[in-house]
Amino acid sequence: MMIIKNRFSFKLGMALLAAGAVFGSGCSGGDSTPSSSGSSGGTTSPSTTASADSTKIPGCTANTAAAPDDVVPGGIPIGLVASQNGDLKPWGEDCVKGARLAVQEFNAAGGVDGKKVSLFIEDSNSRPEQGKSAAEKLVSDDKVICLLGEVSSGITAQMGTVAKERNLPLIAVGATRTDLTQGQPNIFRVCYTDAFQGPVMAKFAYEELGLRNVALMTDKKQPYSTGLSDSFRAFFTKLGGKIVDEQFYESGNTTFTGQLTNLKAKSPDGLFMSGYFSETGPIARQAKDAGLNVKMMGGDGWDSSEILKSGGDAIIGSYFCNHYNNKEDRPAVKEFLLKWGGRYDCNYPATTMGALGYDAAMLACDALKRAKTKDAAGLQAAVADTTDFKGVSGSITLKGKNGNPPKRALVVQLTKDGQTFAKAYDYDEKTGLPK
């Protein structure tokens, strides 16, 4: 994704609303602040989703029984690294909830060969170096045979070095950076990549919004942002559009006056902001103040209701790419929400990482059932052999895909209440592009 910021420690001091729907997360991250990152299966259109929807899940009955322990005696050890603190906390919280829900469900159904799964969880604190330390602890102290995480590609890349050294599989939750799996047979993901979501937004901009002259705002500190801008540019120009200018900033910047002045002079009809919501919200505000009234777009790094606070009225009506939507009219989504709500007080997942965290953990559990040996090597072989795994976010196939499942992507529009569905794009197996 794409980046989600800590809804409790967000540097602008904004608090995320309690019960959200989904703002997507698969993002990739850089060396300092991570990012995230796909939804697949079917073409059914979701309806309106409020990212800060305070209503309860329809038909849900909350389970008042205490949740089972994550670690069970003699359980098969699987490790999860998640941003339980730091800027990515909203994604990390939902990721943990989703993974726990999947493991609890798997164990309740009997586990595998009479054994249950133990889920060991460590905090990355939203930082790559701490994500690596967390992965090392899980492998060394808890003897896990598989790693799950992260949402951020920056953190996931560091975890990947541990997975490679210890020869065990890593299933990324929302890390979308395209090159993450290159030369890394140990790394798999349950989300789409930036090579897909960039063209998705370019196609939407050109064909649906009718834009022809688009400017870019890119966070040069984040490989997620630079990669996403590049993939958007390549496909938009291929379609016949023009990139009139690209301006750069760095994560943590709060003033963008100079860049926006330069962009306005080029008279764009659209602005693609490939960074994270913590900056793109303020950029939208300052763009409006500067008189740059154009269609604004972004990637899954916008996936947080905080963007509605940081962007205010200026961000309303903008579009971004996402993986999953709480209001999708698919049986898998409805079933998932009833399970989620039963465990979590009938509230909706606040971000898309709830569904992707669930999918990553359930994929690992499913692979355990298929593994010839219940160890790291057997599990990795089974994960790599995955075909048409029915995830909440869509069908996941990894066999022959170099760790990257071909998945559908959604485009959503921001409203004052959250987001509404705009369009879904399927993955073209022949071209790797949206169709």
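Does region 69-90 contain at least one residue that is surrounded by fewer than 18 Cβ atoms within 10 Å (Cβ to Cβ), aliphatic (A, V, I, L, M), at pLDDT 95 or above and over 25 Å from Lys390 (Cα atoms)? Yes.
Going by what's in this entry, would Asp179 be described as on the phi < 0 side of the Ramachandran plot and under 17 Å from the mean Cα position of the chain (by Cα)? Here the answer is yes, as Asp179 does meet what is asked.
Criterion applied to Leu180, Leu216 was being buried (at least 23 other Cβ atoms within 10 Å of the Cβ) and not assigned by TED's automatic domain parsing to the domain that holds Glu250, and the one residue passing it is Leu180. If the condition is being of a type in the set (Gly, Ala, Ser) and in a loop (DSSP other than H, G, I, E, B), then region 242-275 contributes Ser251, Gly252, Ser267, Ser274, Gly275.
Which residue out of Gly154, Gly149, Gly174 is in contact with an Asp or Glu (Cβ under 7 Å, 6 or more places away or on another chain), of a type outside the set (Val, Ile, Thr) and closer than 22 Å to Glu93 by Cβ? Walk me through it before giving the result.
Details: Gly149 fails: in contact with an Asp or Glu (Cβ under 7 Å, 6 or more places away or on another chain); Gly174 fails: in contact with an Asp or Glu (Cβ under 7 Å, 6 or more places away or on another chain).
From the options Gly154, Gly149, Gly174, the qualifying one is Gly154.
Of all residues in region 276-300, those satisfying the criterion of being surrounded by 17 or more Cβ atoms within 10 Å (Cβ to Cβ), assigned to a loop (DSSP other than H, G, I, E, B) and not aromatic (Phe, Trp, Tyr) are Leu292, Val294, Gly299. Residues that are under 19 Å from Gly174 (Cβ atoms), touching a Pro at 6+ places or on another chain (Cβ under 8 Å) and not in a helix (DSSP H, G or I) within region 325-375 comprise Asn325, Asn326, Glu328, Ala350, Thr351, listed in sequence order. Residues that are in contact with a Gly (Cβ under 9 Å, 6 or more places away or on another chain) and farther than 21 Å from Leu211 by Cα within region 240-263 comprise Tyr249, Ser251, listed in sequence order. Applying the selection to region 296-338, what residues are closer than 17 Å to Val190 by Cβ and over 14 Å from the mean Cα position of the chain (by Cα)? Those that are closer than 17 Å to Val190 by Cβ and over 14 Å from the mean Cα position of the chain (by Cα): Glu328, Arg330, Ala332, Val333, Phe336.
Among the residues of region 114-128, those identified as closer than 30 Å to Ser251 by Cβ and part of a loop (DSSP other than H, G, I, E, B) are Ser124, Asn125, Ser126, Arg127.
The values are calculated or read from the model by the stated rules, or taken from the named source; none is laboratory data. Given the structure is predicted, the values throughout are model-derived calculations rather than measurements. Glycine gets a Cβ as well: all are built from the backbone with ideal geometry, and neighbour counts include every protein chain shown.
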